[in-house]
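One structure below.
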Amino acid sequence: MAEKGSPRDYYQIQEQVNPLRQYEGLFARAKNMITPAMVRAFSNRESVSMLALGSATGKNLNAFKGLYSHLRQRGKKASDKILLLDINQQPLEAAKAENQGEDSEKVGFARGDIRDMGKAGVQSESQDLIVSDYTLNFMPDQAGVEQAISEISRVSKVKGAVLLRFGNELAPSPQSPKSSFESPTKKGTQAGFGVLLIESRLILALAKKYNLNLESFDTEVTTDKDGNVRISYAFLLRKLPSPEAAKK
């Protein structure tokens, strides 16, 4: 058995937890949440920096490039940057190998923990868009979720956008009373791996604490092969000026 968090575990999670960790689903929902005004704002910027947290696979990379193209409809710039950050080296190497075609020269890769992105060289207020697709569900506990939200706020530019998707269980089905999950916000198991279940009110409270304003949201209910009913949330947040800066 590989040590928890090793690249081998990562790939097993990718194979068994999907399709919950696909950017395609998040991208489809993002297009419904991202307003034309937001697209215009991104298109008019001299340069754009985008950061994807975790889930560094070739398929997700291509979907993230698609999101970049959607936001830069009025023209891309040579200075635009796309960064994939993942705690495991092996998926980063795999994504590098698949980084081909349009916009491949804009993509960078970094290994690091989203709870301390400074160690990976991600500077404060450097990102126009940050995407986290279920990565928060793989934090060890609620303290880890708060550290991640704090770091997301730190590296986001003022008025920058943050797109989060995370999941929680609604209820086990009558046909499957012994759910593999425990109660919300506690660790359960999915495909044999620890998964933190996150309530929306936790993210809303942390967003408020770390100066992120909820712009829009979407929810989706799914049923897995065992009949467990789950809900996933997609939040679009915007970084607000600090209270001190707002007073000036």
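What's the total number of residues in the range 117-147 that are in a helix (DSSP H, G or I) and within 21 Å of residue 30 (Cα to Cα)? Matching residues across the range 117-147 total 3.
Across the range 139-152, not a single residue is classified as in contact with a strand residue (DSSP E or B) (Cβ under 6 Å, 6 or more places away or on another chain), modelled with pLDDT of 50 or more and surrounded by fewer than 19 Cβ atoms within 10 Å (Cβ to Cβ).
For every residue, the table says whether it meets (1) in contact with a helix residue (DSSP H, G or I) (Cβ under 9 Å, 6 or more places away or on another chain); (2) at pLDDT 90 or above.
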{"residue": "208", "(1), (2)": "no, yes"}
{"residue": "215", "(1), (2)": "yes, yes"}
{"residue": "218", "(1), (2)": "yes, no"}
{"residue": "222", "(1), (2)": "no, no"}
{"residue": "231", "(1), (2)": "yes, no"}
{"residue": "240", "(1), (2)": "yes, yes"}
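If I filter the range 218-238 down to residues being within 15 Å of residue 207 (Cβ to Cβ) and out of contact with any Leu (no Cβ under 6 Å at 6 or more places or on another chain), which single residue comes out as surrounded by the most Cβ atoms within 10 Å (Cβ to Cβ)? If we take residues in the range 218-238 being within 15 Å of residue 207 (Cβ to Cβ) and out of contact with any Leu (no Cβ under 6 Å at 6 or more places or on another chain), then 234 is surrounded by the most Cβ atoms within 10 Å (Cβ to Cβ). In the range 22-37, the qualifying residues are those that are surrounded by 18 or more Cβ atoms within 10 Å (Cβ to Cβ) and among the aliphatic types (A, V, I, L, M), and the one that is modelled with the highest pLDDT is 34. Among the residues of the range 57-80, those identified as at negative phi and not in a helix (DSSP H, G or I) are 57, 72, 73, 74, 76, 77, 78, 79, 80. Within the range 44-85, work out how many residues are over 19 Å from residue 34 (Cβ atoms), polar (S, T, N, Q) and surrounded by 18 or more Cβ atoms within 10 Å (Cβ to Cβ). Total meeting the criteria: 2.
The listed residues are 63, 52, and the only one of them that is closer than 24 Å to residue 231 by Cα, of a type in the set (Gly, Ala, Ser), in contact with a Phe, Trp or Tyr (Cβ under 7 Å, 6 or more places away or on another chain) and at pLDDT 90 or above turns out to be 52.
The number of residues in the range 96-105 being surrounded by 13 or more Cβ atoms within 10 Å (Cβ to Cβ) and either out of contact with any helix residue (DSSP H, G or I) (no Cβ under 8 Å at 6 or more places or on another chain) or modelled with pLDDT of 95 or more (or both) comes to 2.
Contact map, the range 74-92: first residue closer than 15 Å to residue 112 by Cβ, second residue among the acidic types (Asp, Glu) and in a helix (DSSP H, G or I), Cβ cut-off under 9 Å, separation 6 or more or different chains; pairs are 88/9. In the range 125-133, is there at least one residue being surrounded by fewer than 15 Cβ atoms within 10 Å (Cβ to Cβ) and in contact (Cβ under 8 Å) with a residue 24 or more places away in the chain? Yes, that holds for at least one residue. The criterion of being without any contact (Cβ under 8 Å) to a residue 60 or more places away in the chain and surrounded by 19 or more Cβ atoms within 10 Å (Cβ to Cβ) does not hold for residue 122.
Whenever a residue of the range 56-68 is over 19 Å from residue 160 (Cβ atoms), its partners that are at pLDDT below 80 and hydroxyl-bearing (Ser, Thr, Tyr), lying with C-beta atoms within less than 9 angstrom and at least six residues away or across chains, give the pairs 57/23; 59/23; 60/23; 61/23; 62/23; 63/23; 66/23.
Could you tell me whether residue 164 is buried (at least 17 other Cβ atoms within 10 Å of the Cβ) and either under 30 Å from residue 230 (Cα atoms) or at pLDDT 95 or above (or both)? First the steps, then the outcome.
Details: buried (at least 17 other Cβ atoms within 10 Å of the Cβ): yes; either under 30 Å from residue 230 (Cα atoms) or at pLDDT 95 or above (or both): yes.
It is true that residue 164 is buried (at least 17 other Cβ atoms within 10 Å of the Cβ) and either under 30 Å from residue 230 (Cα atoms) or at pLDDT 95 or above (or both).
Restricting the search to the range 192-215, which residues are of a type in the set (S, T, N, Q) and under 14 Å from residue 160 (Cα atoms)? Across the range 192-215, the qualifying residues are 211, 213.
The values are calculated or read from the model by the stated rules, or taken from the named source; none is laboratory data. This structure is a prediction, so every number in the text was calculated from the model and none was measured. Heads up, the Cβs are rebuilt from the backbone with ideal geometry, glycines too, and the neighbour counts pull from every protein chain shown.
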